[in-house]
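The values are calculated or read from the model by the stated rules, or taken from the named source; none is laboratory data. These numbers come from a predicted model, not from an experiment. Here the Cβ positions follow ideal geometry from the backbone for every residue, glycine too, while neighbour counts run over all protein chains shown.
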Amino acid sequence: MKINFFEYQKIYTSKKKNFLNIFNKVCSKGAFILQKDLEDFEINLQRFQNIKYAVGVNDGTTALILSLMANNINRNDEVILPSHTYIASAAAIKLIGAKPVFADISFDDNLIDPISIKKKINSRTKAIMPVHVNGRICNMEEISLIAKKNKIKIIEDGAQSIGAKFNGKAAGYYGNCATLSFYPAKILGCFGDGGAVLTNNKKIYEKVKLLRDHGRNKAGEVQLWGYNARLDNIQAAILNYKMNFLKREINIRRKIASIYNNELSSLEDLNLPPGPDNKKNNFDVFQNYEIRAYNRDKLKSFLAKNGIKTIIQWSGKAIHQIKKLNFDRIYLPNTEKFFKECLMLPMHTFLKENEVLYISKKIKEFYTK
Ligand SMILES: *Cc1c(COP(=O)(O)O)cnc(C)c1O
């Protein structure tokens, strides 16, 4: 059996006729920039996340930059985030002139640890950026309490978290705003780059809308310095269509995760992510299924020999470990241990149950032989 980590072509070929139809309809109208499909998509997104305002932008990284700017995070301000994240989270902070300050993760769910956040707060701290890695929302109740007490803001990096909930609330509810990414391999992906900012705050919404389009208001008058950060109308039309089966796709991901959890939970050499059936606060959407594994590198090559492609996320490095970026020396023990052990198993909506069982069987074989 051969199992790919992800199926980029199938995203298109599985519904090719419908996509060609959309392309034809939108382009025949000449509706390319800031058109109705984008407005419709923003409304769909608001409904799906149950958040008041959504703004489509050109990618998830820019969504973070605009979110920080709209919240008045300025030069030399400090923003606390996990080092267990994609470079984009830290880059957004750095590129507006602020300073990324890294907190450690908790092994409960490999997400930013509120206890570590508290230790990193000082008079220059202006915001916390929790990152909902792998489609699980951070403990937003505790993070909100910390933010309130210290009068600092929360900008959620929700790039991997569309549809995920904490206490029934999606990304954007607890924070001042949240971001999404529609990179093709994300849970809701388009055919290129795309992203969004979500917020319940009207002022932030209005500012992000200005920042997205050269600082211009509806009449075209410039109100402030802005970017060209618009989400293409054609991408919005594709996303609109894909939202029709987003719920179903999330359920497929949760089903796959529950099979992995059932099959692998008896192996003491593995640490599995919390399963979808945990009765706690989280509803997880499993952007990725990432385990911590004893003898990780040998397991990875054993699976490769058996036709199973796995990935060590982010080149196996936390952000503070990237040498060329010259961070101050800090020690984040859980994060560093995490990157020595982490491995992502195939997780996408084209996976079949027998394939998930085959992957599980091979993993069990590796640890019991
Ligand atoms: C994908 C991702 C981003 C960036 O999104 P792009 O659309 O690729 O710019 C930011 N943060 C995290 C955690 C991501 O996974």
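For the range 177-188, a residue qualifies if it is surrounded by 20 or more Cβ atoms within 10 Å (Cβ to Cβ) and either under 13 Å from Glu141 (Cα atoms) or more than 8 Å from the ligand (Cβ to nearest atom) (or both), and the qualifying residues are Cys177, Ala178, Leu180, Ile187, Leu188. Which ones in the range 314-352 are surrounded by 15 or more Cβ atoms within 10 Å (Cβ to Cβ) and among the hydroxyl-bearing types (Ser, Thr, Tyr)? Passing the criteria: Thr335, Thr349. Restricting the search to helices (runs of 4 or more DSSP H) fully inside the range 41-145 and requiring at least 1 residues that are within 16 Å of the ligand (Cβ to nearest atom), closer than 26 Å to Glu336 by Cα and among the polar types (S, T, N, Q) gives 60-70, 87-95. Filtering Arg329, Arg296 for residues that are at pLDDT below 95 and of a type in the set (D, E, K, R) leaves a single hit, Arg329.
When the residues of the range 213-259 are filtered to those that are touching a Pro at 6+ places or on another chain (Cβ under 9 Å) and not basic (Lys, Arg), the one that is farthest from Pro346 (Cα to Cα) is Ser258.
Here Asp40, Asp59, Asp104 are screened, and the one residue that is at pLDDT 95 or above and buried (at least 23 other Cβ atoms within 10 Å of the Cβ) is Asp104. Which pairs have Cβ atoms under 6 Å, sit 6 or more apart or on different chains, and link a residue in the range 80-108 that is within 21 Å of Ile312 (Cβ to Cβ) and among the aliphatic types (A, V, I, L, M) to one that is in a helix (DSSP H, G or I) and more than 14 Å from the ligand (Cβ to nearest atom)? Qualifying pairs under 6 Å: Ile105/Asn334; Ile105/Thr335.
Within the range 161-202, the residues that satisfy the criterion of being among the polar types (S, T, N, Q) and closer than 18 Å to Asp284 by Cβ are Ser161, Asn167, Ser181. Residues that are over 19 Å from Ile105 (Cα atoms) and crowded, with 20+ Cβ neighbours inside 10 Å are absent from the range 131-143 altogether. Only one of (1) surrounded by fewer than 19 Cβ atoms within 10 Å (Cβ to Cβ); (2) within 24 Å of Arg216 (Cα to Cα) fails for Ile65. Which number is that? The number of the failed condition is (1). Part of a helix (DSSP H, G or I) and of a type in the set (Phe, Trp, Tyr), is that true of Phe32? Answer is no for this residue. Only one entry of Asn74, Asn50, Asn58 meets the criterion of being touching a strand residue (DSSP E or B) at 6+ places or on another chain (Cβ under 9 Å) and either among the aromatic types (Phe, Trp, Tyr) or at positive phi (or both), and that entry is Asn50.
Of the residues making up the range 192-210, those that are more than 16 Å from the ligand (Cβ to nearest atom) and hydrophobic (A, V, I, L, M, F, W, C) are Ile204, Leu210. Here is the figure for the range 327-364: residues that are polar (S, T, N, Q) and more than 24 Å from the chain's Cα centre (by Cα) total 2. Taking first residues from the range 183-202 that are more than 20 Å from Ile51 (Cβ to Cβ) and partners that are small (Gly, Ala, Ser) and within 12 Å of the ligand (Cβ to nearest atom), the Cβ contacts under 7 Å between residues at least 6 apart in sequence or on separate chains come to Tyr183/Gly60; Tyr183/Gly189.
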